[in-house]
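Working notes, structure below.
The values are calculated or read from the model by the stated rules, or taken from the named source; none is laboratory data. All of these numbers come straight from a predicted model, not from anything done at the bench. Don't worry about glycine lacking a Cβ; one is built from the backbone with ideal geometry, like all the others, and counts go over all protein chains shown.
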Amino acid sequence: MMENCSYDRTELMILNMVRKGLFGELLHAECGYLHDLRALKLNPNGYQGMWRIYHSIKRNGDLYPTHGLGPVAQWMDINRGNQFDYLVSMSCKSRGLKLYAQEHYPDSKWAKQDYALGDVVDTLIRTKQGQTILVTHDTNTPRPYSRKILLQGTKGIVRKYPEEKIHIEGRTTGHDWENLDKYLEEYEHPLWKQIEEKAQGAGHGGMDFIEDYRLIKCLREGLATDMDVYDAAAISAVSALSEKSIAHKSRSVDFPDFTRGKWKTNAPLGIVEA
């Protein structure tokens, strides 16, 4: 219920753009968690311990879908007029962790260990409204950090990595990209406009402060939180469902309806202010 990436400045700005119709009808999104965690998983003296490695040994699926999928679910009104319908998942072979262990800890048991987790796991979700979402998990390869973050609509497209770019039909020249910051003054989310100064210096570029601010405000004022237990279940379910799909040669797997039909009438998430 506290997915901090849903409160990142860019992701909230895109939500505001979606609500104002800038992209037209939404068609497709891409997101994920692409983060070189080899040293973190295998360092016996690491500050987090080695709990992550045991998941990589036993499980082959998207082990961490929520960072990227949390914001996308809000853009596409998941559980609020729309719903994840089904998914298919596929993974490549596993090489990264064993190679890293053999190079850095050659005498350890990890250098001899076989790992279930494929180095790159791709999951394709289809929604009840007919959109598609490509979710990628990649934590075992050498690469720069990314959550991918791309949204395509009938009127334009926006992306976050490797650079924040946008193309809007009728506003962008030709087939070129524009820098997203050109749209900041017009479309920045009110939360960032109003409390950015208070968020300076907080974790993950300030989005942790925005996240905590919203949670506390909702609890104090008796408001529904921006993400509820049904949202948490929907975006987290990708882990188990992707494992099931991969284990059965990438067959499609249906999402449970955690809302028991209430997604059809729940109101979309609004653009809130501080």
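Considering only region 148-189, state which residues are under 18 Å from Thr132 (Cβ atoms) and surrounded by fewer than 12 Cβ atoms within 10 Å (Cβ to Cβ).
Answer for region 148-189, where residues must be under 18 Å from Thr132 (Cβ atoms) and surrounded by fewer than 12 Cβ atoms within 10 Å (Cβ to Cβ): just Thr154.
Scan region 215-232 and tell me whether some residue there is under 23 Å from Cys5 (Cβ atoms), touching a residue at least 12 places away in the same chain (Cβ under 8 Å), of a type in the set (Gly, Ala, Ser) and buried (at least 19 other Cβ atoms within 10 Å of the Cβ).
no
Report yes if some residue within region 62-82 is surrounded by fewer than 20 Cβ atoms within 10 Å (Cβ to Cβ) and over 19 Å from the mean Cα position of the chain (by Cα); otherwise report no.
Scanning region 62-82 turns up at least one residue that is surrounded by fewer than 20 Cβ atoms within 10 Å (Cβ to Cβ) and over 19 Å from the mean Cα position of the chain (by Cα).
Inspect region 80-96 for any residue being assigned to a helix (DSSP H, G or I) and modelled with pLDDT of 95 or more and give the result as yes or no.
Within region 80-96, the first condition is being assigned to a helix (DSSP H, G or I), and the residues that meet it are 96.
When the remaining residues are screened for being modelled with pLDDT of 95 or more, the result is 96.
The answer is yes, given that some residue of region 80-96 is assigned to a helix (DSSP H, G or I) and modelled with pLDDT of 95 or more.
Before we move on, is Val135 part of a helix (DSSP H, G or I), under 27 Å from Asp257 (Cα atoms), under 14 Å from the mean Cα position of the chain (by Cα) and hydrophobic (A, V, I, L, M, F, W, C)?
Working: part of a helix (DSSP H, G or I): no; under 27 Å from Asp257 (Cα atoms): yes; under 14 Å from the mean Cα position of the chain (by Cα): yes; hydrophobic (A, V, I, L, M, F, W, C): yes.
No; evaluated as a whole, the condition is false for this residue.
Would you check if Gly170 is within 18 Å of Met17 (Cα to Cα), out of contact with any helix residue (DSSP H, G or I) (no Cβ under 8 Å at 6 or more places or on another chain), in a loop (DSSP other than H, G, I, E, B) and small (Gly, Ala, Ser)?
Yes.
Only residues in region 101-128 that are touching a residue at least 60 places away in the same chain (Cβ under 8 Å) and part of a loop (DSSP other than H, G, I, E, B) count as the first member; pair them with residues that are surrounded by 14 or more Cβ atoms within 10 Å (Cβ to Cβ) and basic (Lys, Arg), Cβ under 8 angstrom, at least 6 apart or cross-chain, and list the lot.
Close Cβ pairs (under 8 Å, with a partner that is surrounded by 14 or more Cβ atoms within 10 Å (Cβ to Cβ) and basic (Lys, Arg)) amount to Ala116/Arg59; Leu117/Arg59.
Tell me, please, whether a residue that is modelled with pLDDT of 95 or more, on the phi > 0 side of the Ramachandran plot and in a loop (DSSP other than H, G, I, E, B) can be found in region 258-270.
Checking region 258-270: at least one residue is modelled with pLDDT of 95 or more, on the phi > 0 side of the Ramachandran plot and in a loop (DSSP other than H, G, I, E, B).
Listed here are the residues, each with its yes/no results for (1) modelled with pLDDT under 95; (2) touching a Lys or Arg at 6+ places or on another chain (Cβ under 7 Å).
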| residue | (1), (2) |
| --- | --- |
| Thr127 | no, no |
| Gly130 | no, no |
| Leu134 | no, no |
| His137 | no, no |
| Asn140 | no, yes |
| Pro144 | no, no |
| Leu151 | no, no |
| Ile157 | no, no |
| Glu197 | yes, no |
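Quick one: would you say Ile195 is over 23 Å from the mean Cα position of the chain (by Cα), among the aliphatic types (A, V, I, L, M), outside any loop (DSSP other than H, G, I, E, B) and surrounded by 14 or more Cβ atoms within 10 Å (Cβ to Cβ)?
Yes: the conditions hold for Ile195.
Collect the residues in region 199-242 that are basic (Lys, Arg) and either in a loop (DSSP other than H, G, I, E, B) or in contact with a Leu (Cβ under 8 Å, 6 or more places away or on another chain) (or both), keeping them in residue-number order. Spell out the reasoning first.
Residues of region 199-242 that are basic (Lys, Arg), as a first pass: 214, 217, 220.
The answer is Arg214, Lys217.
Residue check, Ile53 against (1) among the aliphatic types (A, V, I, L, M); (2) touching a residue at least 60 places away in the same chain (Cβ under 8 Å); (3) over 28 Å from Ile157 (Cα atoms), all met but one. Which one?
In the conditions (1) among the aliphatic types (A, V, I, L, M); (2) touching a residue at least 60 places away in the same chain (Cβ under 8 Å); (3) over 28 Å from Ile157 (Cα atoms), Ile53 misses (2) alone.
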